[in-house]
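What follows is a set of notes on a single structure, which appears directly below.
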Amino acid sequence: MTATDRSLELITTAAQAAADKLAHDIIAYDVSDVLSITDAFLLASAPNDRQVKSIVDEIEERLSKELGAKPVRREGDRDARWILLDYVDIVVHVQHSEERVFYALERLWKDCPELDLPADAKATRGRAAEHAELKDAEDTAELRGELR
């Protein structure tokens with residue numbers, strides 16, 4: 001069994017929405033062969049809680065306006081460290097970058113086929129690492145400035 005056309009349409013739209021809100025490391029997996037509850041997972045991350053929430057809001061708005069889809073469940077809003085949107089056909093996970101590294105969902109689903117995403121979404125790969133390096137450099141520079 002493979003992901004339905006509807007699932008692919010939802011994944012593509014959600015991935016583009018996440019990319020438009022500057023999500024990092026957007027990836028999608030076809031989990032239809034291993035799970036009976038959904039066809040696909042979309043994973044994305046952001047460096048702070050506010051951006052996680054912004055990405056989720058954009059995905060939800062875009063799927064509603066463009067495809068008439070509303071999530072049956074939304075979890076994780078309070079802390080905004082890991083928000084899950086369940087659309088039955090797809091499940092969207094938007095995580096804070098630290099949670100993304102810790103939980104490593106990609107390891108769990110690495111044997112599932114990766115779904116093709118829009119170019120903007122593919123271009124986000126590796127951005128979390130770039131952001132972490134930049135933040136480390138800024139923190140080091142700030143620390144050196146304080147020590148002088």
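The values are calculated or read from the model by the stated rules, or taken from the named source; none is laboratory data. These figures come from a predicted structure and were not determined experimentally. Using ideal geometry, Cβ is built from the backbone for each residue, glycine included, and neighbour counts are taken over all protein chains shown.
Can you find even one residue in segment 94-102 that is touching a strand residue (DSSP E or B) at 6+ places or on another chain (Cβ under 9 Å), of a type in the set (Ser, Thr, Tyr), modelled with pLDDT under 95 and under 17 Å from Arg125 (Cα atoms)? Within segment 94-102, one or more residues are touching a strand residue (DSSP E or B) at 6+ places or on another chain (Cβ under 9 Å), of a type in the set (Ser, Thr, Tyr), modelled with pLDDT under 95 and under 17 Å from Arg125 (Cα atoms).
Being part of a strand (DSSP E or B) and buried (at least 24 other Cβ atoms within 10 Å of the Cβ) is the filter; apply it to segment 42-60 and report the residue that is nearest to the chain's Cα centre (by Cα). If you could, list the steps in order and put the result at the bottom.
From segment 42-60, those part of a strand (DSSP E or B) are 42-46; that's our starting set.
When the remaining residues are screened for being buried (at least 24 other Cβ atoms within 10 Å of the Cβ), the result is 42, 44-46.
On the way: Leu42: 6, Ala44: 2, Ser45: 5, Ala46: 8 Å.
Selected residue: Ala44.
Evaluation of Thr38 against the conditions (1) surrounded by fewer than 19 Cβ atoms within 10 Å (Cβ to Cβ); (2) outside any helix (DSSP H, G or I); (3) touching a Lys or Arg at 6+ places or on another chain (Cβ under 6 Å); (4) polar (S, T, N, Q) shows that the sole unmet condition is (3).
From the list Glu98, Glu66, Glu61, the lone residue that is charged (D, E, K, R), at negative phi and without any contact (Cβ under 8 Å) to a residue 24 or more places away in the chain is Glu98. One residue stands out among those in segment 47-61 that are out of contact with any strand residue (DSSP E or B) (no Cβ under 8 Å at 6 or more places or on another chain) and over 18 Å from Thr124 (Cα atoms): the one that is modelled with the lowest pLDDT, which is Arg50.
Do we have any residue at all in segment 89-109 that's outside any helix (DSSP H, G or I), charged (D, E, K, R) and under 14 Å from the mean Cα position of the chain (by Cα)? No; the residues of segment 89-109 include none that is outside any helix (DSSP H, G or I), charged (D, E, K, R) and under 14 Å from the mean Cα position of the chain (by Cα).
Can you spot a residue in segment 79-86 that is modelled with pLDDT under 95 and of a type outside the set (Gly, Ala, Ser)?
Going through segment 79-86, the residues modelled with pLDDT under 95 turn out to be 79-81.
In the following step, the residues that additionally are of a type outside the set (Gly, Ala, Ser) were identified as 79, 81.
Among the residues of segment 79-86, at least one is modelled with pLDDT under 95 and of a type outside the set (Gly, Ala, Ser), which makes the answer yes.
Restricting segment 18-33 to residues that are buried (at least 24 other Cβ atoms within 10 Å of the Cβ) and of a type in the set (Gly, Ala, Ser), the residue that is nearest to Leu67 (Cα to Cα) is Ala18.
With respect to (1) hydrophobic (A, V, I, L, M, F, W, C); (2) on the phi > 0 side of the Ramachandran plot; (3) at pLDDT below 85, the lone exception for Leu147 is condition (2).
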